[in-house]
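Rule-based calculations on the coordinates, nothing more; no lab input. Keep in mind that this is a model prediction, so the values were computed, not measured. Positions of Cβ are backbone-derived with ideal geometry, glycine not excepted, and every protein chain shown enters the neighbour counts.
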Amino acid sequence: MAAGNEDVGNEEKKKSFAGIPEAAFVDDVDTFMTLSENNNNVEVVLKRLDEQHSKYKFMELNLLAKRRRLKSQVPDLEHSQLMINLLKKQRESPKDIETQFLLSEQVFMKALVPPTDKVCLWLGANIMLEYTLDDASSLLKKNIDTAKKHLAYVEHDLDFLRDQLTTTEVNMARVYNWDVKRRQAAKSQ
């Protein structure tokens, strides 16, 4: 089990890390429809449920985008960590490291990297800072752990959100079917 999944397990009481509201299942439609906010008005209830469903879909799109970003970020960070580990091994060597680096999309450049004890890391927003290899390694390890933890939170929230979408869809169907039965009963009388 990954470290991020343990965090999710430890905080199982938390239904959603992103604060997603829980959809209440409508068990007894007759009682639900007689509530003051519903007042037996099917159109109002279905409109409210449809709005709730739309909000859940919007949240799902945001979480899916966040998951994609995190899933691409983790391998990049791990690759950077591997490069720093290689630089640490070669730190005491008198030989230069021959490598290739990405210049632009699908364009690589050959380079000779002399032994070093410093490395520059992109932090984002066009910011690059120079670190010692040990500091860079610990920063990347912390960032990898944080990204994995957030990815586990997003996965947990997506599962929770799917349950809320299903509950809302079932509620919509139950209210709609209740209205159909009510109209059929009114026609038969």
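Using C-alpha pairs below 8 Å separated by at least 6 residues, the relative contact order for the range 1-157 is 33 percent.
3J(HN,Hα) couplings calculated from phi for the range 91-108 with the Karplus curve 6.51 cos²θ - 1.76 cosθ + 1.60 (θ = phi - 60°) are, in sequence order, 4, 8, 7, x, 7, 7, 8, 8, 8, 10, 10, 6, 8, 8, 3, 6, 10, 10 Hz; Gly and Pro show x. A full extension of the chain between Arg68 and Phe25 corresponds to an added length of 12.4 nm, given 0.36 nm per residue minus the alpha carbon distance. Listed values (i) 14.1; (ii) 12.0; (iii) 16.8 include one computed from this model; for mean projected area of the Cα convex hull in nm² that value carries the label (iii).
With a Förster radius of 35 Å, plug the Cβ-Cβ distance of Asp96 and Thr146 into 1/(1 + (r/R0)^6) and report the FRET value to the nearest 0.05.
Values: r = 34 Å, r/R0 = 0.96.
E(calc), rounded to 0.05, equals 0.55.
Would you mind classifying the range 10-60 by shape? Square roots of the alpha carbon gyration tensor eigenvalues, ordered a ≥ b ≥ c; an a/c under 1.5 is rounded, otherwise it is prolate if a/b is larger than b/c and oblate if not. Since a/c reaches 1.5 but b/c is at least a/b, the shape of the range 10-60 is classed as oblate. For the chain, the 222 nm mean residue ellipticity estimated from helices alone, with every DSSP H stretch of n ≥ 4 adding -39500 (n - 2.57) and the total spread over all residues, rounds to -22500 deg cm²/dmol. Relative contact order for the range 78-189: 19 percent, from Cα pairs under 8 Å spaced at least 6 residues apart, divided by residue count.
For the chain, the longest principal axis of the alpha carbon atoms and the long axis of helix 42-90 meet at an angle near 10°. Placing a label point 7 Å from the Cα of Phe108 along the Cα-to-Cβ direction, the residues of the range 52-92 whose backbone N falls under 15 Å from that point are 83.
For Tyr131, nonlocal amide neighbours, meaning residues 5 or more places apart or on other chains whose placed amide H falls under 5 Å from its own, are Val119, Cys120, Leu121. The share of C-alpha pairs in the range 120-175 whose separation exceeds 18 Å stands at 59 percent. The stretch between Asp159 and Leu129, if pulled fully straight at 0.36 nm per residue, gains 7.0 nm over its current Cα-Cα span. Peptides 16-28, 112-124, 91-103, 153-165, ordered by how many other C-beta atoms sit within 10 Å of their residues on average, highest first, read 153-165, 16-28, 112-124, 91-103.
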